[in-house]
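A short reminder: the numbers here are calculations on the coordinates, not readings from a lab. As the structure is a prediction and not an experimental result, all values here were calculated from the model. Cβ placement follows ideal geometry from the backbone for every residue including glycine, while neighbour counts extend to all protein chains displayed.
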There are 2 protein chains.
Amino acid sequence: MWERLRDKRMADKIVTAEEAASWIEDGMTIGLSGFTRAGDAKAVPLALVERVKKENKPFGVNVYTGASLGSDVDAVMAEAGIVKKRLPFQADPVMRKKINDGSMAFVDQHLSHTAELIRQGAMDAIDYAIVEAVAITEDGMIIPATSVGNSNIFVDYAKHVIIELNLAQTAELEGIHDIYTPEVQGEREPIPLTRVDQRMGTAGIVVDFDKIKGIVLTSQLDSPSTIVEPDAETAEIAAHLIAFLREEVKAGRLPENLAPLQSGVGSVANAVFNGFLDSEFTDLTVYSEVLQDAVFDLLDAGKISFASGCSITLTADKMQYVSENFAKYRDKLLLRPQEITNHPEIIRRLGLIAINTAIEADIYGNVNSTNVLGSKMMNGIGGSGDFARNARLSIFVTKSIAKGGKVSSIVPFSSHVDHTEHDVDIIVTEQGLADLRGLAPRERALKIIENCAHPMYREQLKAYYEEALTRGGHTPHVLEKAFSWHVRYAQEGTMLEKKAAVV
Amino acid sequence: MWERLRDKRMADKIVTAEEAASWIEDGMTIGLSGFTRAGDAKAVPLALVERVKKENKPFGVNVYTGASLGSDVDAVMAEAGIVKKRLPFQADPVMRKKINDGSMAFVDQHLSHTAELIRQGAMDAIDYAIVEAVAITEDGMIIPATSVGNSNIFVDYAKHVIIELNLAQTAELEGIHDIYTPEVQGEREPIPLTRVDQRMGTAGIVVDFDKIKGIVLTSQLDSPSTIVEPDAETAEIAAHLIAFLREEVKAGRLPENLAPLQSGVGSVANAVFNGFLDSEFTDLTVYSEVLQDAVFDLLDAGKISFASGCSITLTADKMQYVSENFAKYRDKLLLRPQEITNHPEIIRRLGLIAINTAIEADIYGNVNSTNVLGSKMMNGIGGSGDFARNARLSIFVTKSIAKGGKVSSIVPFSSHVDHTEHDVDIIVTEQGLADLRGLAPRERALKIIENCAHPMYREQLKAYYEEALTRGGHTPHVLEKAFSWHVRYAQEGTMLEKKAAVV
């Protein structure tokens, strides 16, 4: 243990998870490490839930994180009803239910914004930061585990810090972090990063010794990723995208090794990255949030020369393999705070190719990433807005239909808009790719319908668009029918019009 | 004239506007200087229209600019039907009509994006850059007039350059420009700007001598701004906003001289700035696009210590006064390319207070800045998205009602979304201010309805929201009624429900 807890002054701070949990009072705000099931604080939040259940008294806390948590922490906290407000992202079915029935407040924030809001004092101040670490150095620096997320900013701004020192997580993670935290706005220098593999900060989170209230020893690994293997449709999406990138290189608009790649989280995004395995592209770099399985496959295949992210989230088998063979990845990886991975300054400077997933897109290119049928929260916008707005190429991918064809992902009017027509360059489905750059809305509509919509919905989309044209306007619409597809799905269980269904 | 045209090699390049216009061929793409009626190329575009009218042959060009043009250039070009595609912004009634009837393609772009798209080669390449100048230096550098806009990037990437050397515009403008152009993405250093008054570039646009095909001598001043005086409602908006900023300072969330201010274009935005005249705030700075009348009033009053923008757009009287007294403003002003005034890197670093105008906002904080009733283009998103996304405080202002109360600016669902709920911190109307930071959608809805909606629409909004609550969800909606207010206005001429109208 002492090779993990090298600052001997800390010995007195070791406590049980139960004791640490006892410090957290009703009404407090806690900041938990964790980004997409990686490197999350596990023991203290679960001990807190146990304690509250036993006490059986009204209890509520605000919970800030990096992104979604694993280890059922979000589920258990939501089930216990102890979360008053949660931000900036979640992806848990139990929590989702609470958010959608209005019993839990969720603030769906750009992942690069949380740190600024904390720094500005624009949200409730953090009482306890609870962060997972793989080591504490000789001089008391916290070495995060498989994610950095918002941990650095939580530690900086919290009144107290609790460290979950995870003895089971590979100690080899030490050295892959680069912690850089901007000063307050207006007193800030340019962020010096100009290369994906550039180090500019410290190897861990520097923290005032007196602020550390407790250290809890743990040994539970991250929850494995639940992504599924690529299927025929996601492979087709990847093929369309790679064909497009090939043409961009041929036209001289992209260098041969493209530009740093960012990819959203989940199976579709992972499948798209997988598509690069069989491509001619080499010497690729990644500047993304979550490093999923496909990134490691591409590292193994020699396709990617360097990957910068803010968390490593892997399936069970991959997690074991990477952990056991970490030495071969160490020099090709960096984990940074999410404020840096998602920073507009860096995204614009490096000129990222940003690939994110859509729930639906409308005929003018407005994208919904969050709310099914306009209202039901899935997970949150995550970093997709940070990237889409500032990237060189803002690409959204989705299968053209869902629910066995009862839902079209291309609709007349997005029932919730997370990415506006101004921020969407490319839409890709298994049907094809629509390059919207430099197009006016009427040009976009035709391209999206022809290239991206599923054939079973194409005529229905054209009919809407043609009726809209009789009304005129820059983005023609028939407002009284704009959401008729969503209403039909809610009422009849399909977006397909009856006459079309008969064909 | 030779004090304006100091590079004697240029003498042979002087041509008439008619001759310059004769070089422009059907199908070409031209890049015109001009940002919000300031510093626009005037003579050659108008001569081109005359030529095309005489020739009476099919003719069309793509027209890229900084933002809107004055001197009826947009109107005359649109009327002549010679514009195939126009970007990134316009504000002319004749052109608007063409855009909305579908006879002219308009790409409504973030004003910071155009330069990147040109650099990437993602749009039609520019054949002729036509830029206004107040001087050409000894070594052939172009000194822009009252705006920089996209002129630097147009000159860099155009095949040929035509300069309109304006002899009537005050020569004292020389020295207030700071031209800095980033390298291509991926090969770019951090933009060094950390202070509003910082110089980092050249005093003018450096151009290859051989690229300059012609110099046209002109003497027409900019079209004056058409903004109107503050009225009772805009004064109330300003008062609410200033009271809010005062509280932010008191709470320690802003320094006493606030943070660099950005303000949108037009009468409401100008009125809000006017509100600072009677406030206690001093030593303010401005980092904005257009410097309107109020900025000069605030400079005169000693309230503003420095203003950085990309154009100066003034009413007729103010224009004359500023021109005649330019010496007293010279050291307190800088004009930069719009890529720099609107750059996410700088906006985030400086932590701007961004104040932009909305056409409508919905109960969850989504803002429409462009399309009336979802379809009819007004002017374009302009820089509002650049600022709102990346600022420290993203503030939107609007009067709570329009058309004598027949239109509510607070609606159930924004009929077009330019700024998503994730990007809007504060909404202000003459009724009050809603601070949305750190609030979940249901919390936001109550605050917006109570604080911002006009009393005549408040009950109607509550009724919608309460019905939506019965459906549930993170952002509850009744999709079949979401646009019913807009539909009612289109059909009955008012958004007011009949029963409410009876009261």
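If you project the alpha carbons of region A:181-276 onto the principal axes, what extent comes out on each, in Å, largest first?
The principal-axis extents, from largest down, are 56, 38, 21 Å.
Please sort by residue number the GluC sites (Glu not before Pro) in region A:232-262 whose DSSP state is loop and whose Cβ has at most 14 other Cβ atoms within 10 Å.
Counting only loop positions with at most 14 other Cβ atoms within 10 Å, the GluC sites (Glu not before Pro) in region A:232-262 are A:E256.
Taking every residue in A:183-196, how many Cβ atoms of other protein chains lie within 10 Å of its Cβ, on average?
Mean number of neighbouring Cβ atoms from other chains: 5.
Among B:27-36, A:52-61, what's the highest-first ranking by average C-beta atoms within 10 angstrom per residue?
B:27-36, A:52-61
Calculate how large, on average over all directions, the projected area of the Cα convex hull of chain B is; give the answer in nm² to one decimal.
Result: a mean projected hull area of 24.0 nm².
From the label point of A:D101, set 7 Å along Cα to the beta carbon, how far off in nm is each other copy's matching point, shortest first?
5.6
Run the label-point distances for B:E172 please: 7 Å along Cα to Cβ, every other copy, nanometres, shortest first.
Copy-to-copy label distances for B:E172: 7.0 nm.
Rounded, prolate or oblate: which fits region A:1-115 when a ≥ b ≥ c are the square roots of the eigenvalues of the alpha-carbon gyration tensor, with rounded for a/c under 1.5 and prolate only if a/b beats b/c?
Oblate, since a/c reaches 1.5 and b/c is not below a/b.
What share of all Cα pairs of region A:232-492, in percent, falls into each consecutive 5 Å distance bin?
1, 6, 13, 17, 19, 15, 11, 8, 5, 2, 1, 0, 0
In units of 2.2 N^0.38 Å, what is the alpha-carbon radius of gyration of region B:1-57?
With N residues counted in region B:1-57, Rg over 2.2 N^0.38 Å equals 1.34.
If the viscosity is 1.002 mPa s and the temperature 20 °C, what translational diffusion coefficient in µm²/s does Stokes-Einstein give for region A:330-385 when Rh comes from Kirkwood over Cα pairs?
The estimated diffusion coefficient comes to 158 µm²/s.
Any idea how far apart A:R9 and B:E459 come out in nm if each label point goes 7 Å out from Cα toward Cβ?
About 6.6 nm, to one decimal.
Place the peptides B:148-161, A:125-138 in order of packing, highest mean first, counting for every residue the other Cβ atoms within 10 Å and averaging per peptide.
Averaged packing, sorted descending, gives the order B:148-161, A:125-138.
Quick check on the protein assembly as shown: of the DSSP beta bridges with both residues there, what percent are antiparallel, nearest 5%?
25
For region B:388-476, what does the alpha-carbon gyration tensor say about shape, rounded, prolate or oblate, given a ≥ b ≥ c as the root eigenvalues, a/c under 1.5 as rounded, and a/b over b/c as prolate?
In terms of gyration-tensor shape, oblate.
Plugging the Kirkwood radius over Cα pairs into Stokes-Einstein for region B:8-218, at a temperature of 20 °C and a viscosity of 1.002 mPa s, what D comes out in µm²/s?
123
Relative contact order for region A:232-492: what is it in percent, counting Cα pairs under 8 Å that are at least 6 residues apart?
Worked out over region A:232-492, it gives 16 percent.
Take the Cα atoms of region B:109-166, find their three principal axes, and give me the spread along each one in whole Å, biggest first.
34, 22, 16
For region B:310-342 and region A:1-34, what is the separation of their C-alpha centers, rounded to whole Å?
Their Cα centres are 57 Å away from one another.
Kirkwood Rh over alpha-carbon pairs of the protein assembly as shown, then Stokes-Einstein at 20 °C and 1.002 mPa s: what D in µm² s⁻¹, rounded to an integer?
So the translational diffusion coefficient is about 73 µm²/s.
How far is B:G493 from itself in the other copies, in nm, if each label sits 7 Å out from Cα along the Cα-Cβ line, shortest first?
Values, ascending and in nm: 4.7.
From the square roots a ≥ b ≥ c of the eigenvalues of the alpha-carbon gyration tensor of region A:432-503, which class results: rounded (a/c under 1.5), prolate (a/b over b/c), or oblate?
The shape class here is oblate.
With a sphere of radius 12 Å drawn around the Cβ of B:L277, what net charge do the other residues whose Cβ falls strictly inside it have (Lys, Arg +1; Asp, Glu -1)?
Residues near B:L277 contribute -4 overall.
Can you give the FRET efficiency to the nearest 0.05 for A:V94 and B:A125, using r as the Cβ-Cβ distance and R₀ = 51 Å?
0.40
Which listed residue (B:S147, A:T36, A:M456) has the Cα farthest towards the positive end of the charge dipole for the protein assembly as shown, taking +1 on Lys and Arg C-beta and -1 on Asp and Glu C-beta about the Cα centre?
A:M456
With +1 on the Cβ of every Lys and Arg and -1 on the Cβ of every Asp and Glu, and nothing else charged, how large is the dipole of region A:232-492 about its Cα centre, in debye rounded to the nearest 20?
340
With +1 assigned to the C-beta of every Lys and Arg and -1 to the C-beta of every Asp and Glu, and no other charges, what is the dipole magnitude of the protein assembly as shown about the Cα centre in debye, to the nearest 20?
For the protein assembly as shown, the charge dipole is close to 1620 debye.
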